[in-house]
Amino acid sequence: MQNQRNSHNYLITRSFCCLLLVLVSSLVGCHNSTEPTDELHLDRDIPASEDFDASYGFWGPGGETIYFKHSEELGSEPDLGKLDQLWKLNLETGEREMVHTGRILFADISSDGQKIVFNSFAVPQYLYKMQSDGTNLQKLTGPDSPHPDWEYTIKGKWSPDGSKIYFSLSAGSQRGISLMESDGSNPRIVVPYGVHPNWSPDGDRIIYVNWDTTKAQKNQAQIYVAESNGTNPRQISNLKDTNFNIHDPTISPSGQKIAFTYDGEIYTMMIDSSNSIQQVTAGLGYARRPEWSPDGQTILFSRIIQNVSKRLYYLDVATHEVVPVFPK
């Protein structure tokens, strides 16, 4: 009887261990590469940032300057000119300087450092360009421009050679990723219903978010790569719950890797391998606008906690260590 009891207990224990082994193996085999791991230095515990409103930053040519959006005055009735101003930071001296009064959104600088393109805040949004010192402001779309019928024009991006500007036509009966010459002439849609365009460093390709209505409704927005004129599109991501949840893809200086925001955090992946997706931030609020440094070693990004703070951070691409641009 005792032997039967021992044998029964052995079988139960053995069955439990086998079940546990199968379960563990299944979990390991099904690991989602987009989940953060314990080995990553995610931005949950980082040095404090100065109490200074700063967001949507981007590098100046050479990586010696950072441009960013800053609001000097906040509250229930702020001076609109002091909201969403364009500022720059000299990384060598630490000096901060306002470039242009608000309200400016989604600014981008040409590769020669001479010109900036941006869109207005008020809806419908219009595209503008100016010299990088804030002078010679020109309207590119909307009333009192060469293209008064073009409205809802956002997120202008200079081509690496400065000859063209990609932007998004975000609303209207016709919409999508659009292209114009650097002087604002010849605007045309090249990727219907595409959004968030960005150039490859060599100017031969663009990366963007496209909507594929043949897919399940929640998964229609994915990252694509195409030729610089919008032809030969190729899907490179296969993420879930992406609609209105995936933003700002950008290609590294080497052309081998991309960074983007998904579900409010920064992710990276090899441009030719959707299996290489990796989450590299995980903090309060949400992250926006990852921008590769010219040497590809650092990603500049914004962390926004709604109605609380907007801060700029550096992410070390190799270690995933996060530090504030403006330490306390």
**Fill in**
Within region 220-275, restricting to residues that are among the hydroxyl-bearing types (S, T, Y), in contact (Cβ under 8 Å) with a residue 24 or more places away in the chain and part of a loop (DSSP other than H, G, I, E, B), the one that is surrounded by the fewest Cβ atoms within 10 Å (Cβ to Cβ) is S254
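Which of the residues belonging to region 288-319 are touching a Lys or Arg at 6+ places or on another chain (Cβ under 9 Å) and outside any strand (DSSP E or B)?
Applying the first criterion (touching a Lys or Arg at 6+ places or on another chain (Cβ under 9 Å)) to region 288-319 yields 288, 292, 296, 300-305, 309-313, 317.
G296, V317 - these are the residues of region 288-319 that are touching a Lys or Arg at 6+ places or on another chain (Cβ under 9 Å) and outside any strand (DSSP E or B).
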**Message:** Which of the numbered conditions does T153 fail, given that it passes all the others? Conditions: (1) farther than 24 Å from E64 by Cβ; (2) crowded, with 21+ Cβ neighbours inside 10 Å; (3) out of contact with any Leu (no Cβ under 7 Å at 6 or more places or on another chain).
**Reply:** (3)
**Prompt:** Going by the conditions given, is V325 aliphatic (A, V, I, L, M), surrounded by 14 or more Cβ atoms within 10 Å (Cβ to Cβ) and within 20 Å of A107 (Cα to Cα)?
**Reply:** yes
**Request:** Find the residue count for region 276-289, including only residues that are under 18 Å from V323 (Cα atoms) and either without any contact (Cβ under 8 Å) to a residue 12 or more places away in the chain or of a type in the set (A, V, I, L, M) (or both).
**Result:** 4
**Item:** Test: D272 is among the charged types (D, E, K, R) and modelled with pLDDT of 90 or more
**Value:** no
**Message:** What's the number of the only condition in (1) modelled with pLDDT under 95; (2) of a type outside the set (V, I, T); (3) surrounded by fewer than 17 Cβ atoms within 10 Å (Cβ to Cβ) that N136 fails to meet?
**Reply:** (1)
**Prompt:** Would you call S173 at pLDDT below 95 and surrounded by fewer than 22 Cβ atoms within 10 Å (Cβ to Cβ)?
**Reply:** yes
**Request:** Output the residues belonging to region 81-121 that are loosely packed, with under 13 Cβ neighbours inside 10 Å and over 23 Å from S182 (Cα atoms).
**Result:** E92, T93, G94, E95, E97
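I'm trying to understand the selection: among the residues of region 176-197, which are assigned to a loop (DSSP other than H, G, I, E, B) and touching a Gly at 6+ places or on another chain (Cβ under 9 Å)?
Hits for region 176-197 are S182, Y193, G194.
The values are calculated or read from the model by the stated rules, or taken from the named source; none is laboratory data. None of the values given here were measured: they were computed from a predicted structure. Glycine also receives a Cβ, built like all others from the backbone with ideal geometry; neighbour counts cover every protein chain displayed.
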